[in-house]
Every structure is written in structure tokens, then in C-alpha cells.
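Every number here is computed from the coordinates shown, using simple stated rules; none is lab data. On a predicted model such as this, the values are computed, not experimentally measured, just so you know. Positions of Cβ are backbone-derived with ideal geometry, glycine not excepted, and every protein chain shown enters the neighbour counts.
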Amino acid sequence: MLMKGKKGLVVGIANNKSIAYGIAKACKAQGAELAFTYLNEQLEKRVRPIAEEMGSEAVYQLDVTKPEELEALTKSLEKDFGKIDFVVHSVAFAPRRALEGSFLETEQADFALAMDTSVYSLVSLTRACLPVMNEGGSILTLSYLGGPKYIPHYNVMGVAKAALEASVRYLAVDLGGRGIRVNAVSAGPIKTLAASGIGDFKNILHWNEINAPLKKNVTIEEVGNSGMYLLSDLSSGVTGEVHYVDAGYHIMGMGAVEKDESGRTVLSWDQRKK
């Protein structure tokens, strides 16, 4: 079993449809021992059953924007595990209004909130976990194509993901001397709680399915397996990377085209809508 003897922390699971759930499940299946966090009482009701499903009693309250809760997390991990081997960072947030309309209209407070919650939290969480991380450990965060490329309705979250990916590279250098790796998984569109806040998401799913080389959308199981690889010793030589799990969509330079009944070249999505 690839993760036997490994202990890790998973931050940001919302429910059993979360990408973080897919990663946790894959790690557990390979023998890992897991700890989980929840943001508030409402989410605690969802996280605890997941922890129980995976045989864990280590569940901690954590708001990544609160230094005192990060400090408490470090102490809890040391008490319950001594040392850990990996961390999954699955935290992102932007007000719904910041995902509507144009990016130009983004308010400063919404921009700052998105960056603090979605990007700086990786830095602060990493710093909090370092005292209890083993050499050879691995840190993994979740990104999306909306960082390096324009995606409709992604707006400020796209800018946040771009900053997150840059943070991965800088943290990889900072931690490389300690033998700790930092990587990101960039998953294709998946129906998750977070995705529900993105406008026209159903069309984004269809577009990805039609135009991805594998002609499908990915599942949380597929993303979970790739995440597990990056957390395991199989990827011991990999750091600072953004690993795409999107059925190949990110390699495409333009949409797939075909001919309509009159011989006119059209995008596949035009045909799908008819």
C-alpha cells in the first residue's frame, strides 16, 4: 500500500462530492491515517461523518484566516500524531457578487477576501504545519485552469488561482531544502459545492466534455488518485508543479469544429445546443 504508515491533514472538505474527499478517500485506500478540519458548526455536521467513514477521530475546527486557530491546530496535530507526512489544502472563497458581471467591477474588499482566503491560507497553513511535518513530506493544493487562462464567470477567483499557483512555486523553493514538496492539482470542472457559485457552470461542463481530448469530464476519483500520487513517495522527485487532471482540455488551442447540414463550419457547442 502506497500510503501505509503515512499521516496527513485534509483541510477544506465540504461533503462527499468535494475534490478533497476524492483525495482523502484515495489516500485512505492506500493505508494513510487522516485528520480533518471544519470551518464552523454547520460544516462540522458534514465533516464528522466523513472522518468516521475513514476511521478517524481527529477532527479540528479551523478558520484558516484566524492565527489563533492555526496555532491551536499545530498543537492538536502534535498531540494526536506527533508528526505528519502530508497536507491537503482545499480552501477557496470569493463573494458571489465577485463572480458575476465583469472583473473590472470587483470591489477591493472582495478582492482582498478572495486572496486572503484562497491564497494566503496556503502560506499560513504551511507555516503552521511545518513544525510537525516529517522530512520528505508533501503539501498539495487545488487549482483550476481559470488561473493561467480566462474562464467565463471565474473573475476574481481566476486571479486568486493564478496567485495560488505562483505561491506553489515559491513555497517549493522555500521548503525544498527541508525535503518537503509543494504541488497543485488543476482539476477539470466537476459538480462540487464550490462550483455551484460559478455562473453558467452547466455549459462549462458540456464545453469541456465536447472539447477535451478524452471527450469526457473527470471524476473526483480520478482527481483523487492523482492527488494521492503527488502526496505519496512515488512523486518524491516532483515539486513546484501544477498537475492537470482535466481529460486533456488544457492542451487545446481552440474548440472542436464540425460541419452543419449546409457545410458551414461551426463549433461543436453550436451543434449541441440545437
So for R0 = 30 Å, FRET eff. of residue 103-residue 17 from the Cβ-Cβ r, to 0.05, ends up at 0.60
Just need log10 I(q)/I(0) for the stretch 151-254 at q = 0.12, 0.14, 0.20, 0.21 Å⁻¹, Debye formula, equal scatterers on the alpha-carbon atoms, no solvent, rounded to two decimals.
-0.47, -0.63, -1.13, -1.20
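So if we plug the beta-carbon distance of residue 78 and residue 233 into 1/(1 + (r/R0)^6) with R0 = 30 Å, what FRET efficiency do we get, rounded to 0.05?
On the way: r = 23 Å, r/R0 = 0.77.
After rounding, the FRET efficiency stands at 0.85.
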Run the quick spin-label model on residue 174 and residue 112: label points 7 Å from Cα toward the beta carbon, then report their separation in nm to one decimal.
2.1 nm
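Suppose only helical runs count, i.e. DSSP H with n ≥ 4. What mean residue ellipticity at 222 nm does that imply for the chain under -39500 (n - 2.57) per run, divided by all residues and rounded to the nearest 500 deg cm²/dmol?
Details: 9 runs with 107 residues, N = 274.
Dividing the helical sum by the residues of the chain leaves -12000 deg cm²/dmol.
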Which value in nm describes the separation of the simple spin-label points at residue 205 and residue 150, placed 7 Å from the Cα toward the beta carbon?
2.6 nm
If I take the Cα coordinates of the stretch 6-152 and project them onto the principal axes, what are the three extents in Å, biggest first?
47, 32, 29
Of the candidates 227, 82, 158, which one comes out as most mobile in a Gaussian network treatment of the chain with C-alpha springs shorter than 10 Å?
82
Quick one: which of 3-13, 64-74 comes out on top by average Cβ neighbours within 10 Å, and what's the full order, highest first?
3-13, 64-74
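For the stretch 7-273, what's the relative contact order in percent, using C-alpha pairs closer than 8 Å and at least 6 residues apart?
19 percent
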Starting from the Cα-Cα distance between residue 53 and residue 216, subtract it from 0.36 nm times their residue separation and give me the gain in nm to one decimal.
55.8 nm
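Among 17/215; 17/79; 6/161; 161/216; 4/45, which pairs are too far apart, with a Cα-Cα distance over 25 Å? Each step should come with its number before you reach the end.
Details: 17/215 22 Å; 17/79 30 Å; 6/161 28 Å; 161/216 23 Å; 4/45 28 Å.
Distance filter (> 25 Å) returns 17/79; 6/161; 4/45.
With N residues in the chain, what two-decimal value do you get for its Cα radius of gyration over 2.2 N^0.38 Å?
Values: Rg = 19.2 Å, N = 274, 2.2 N^0.38 = 18.6 Å.
Working it through for the chain, the quotient is 1.03.
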Residue of 205, 231, 142 that the Gaussian network model of the chain assigns the largest fluctuation, springs spanning Cα pairs under 10 Å
205
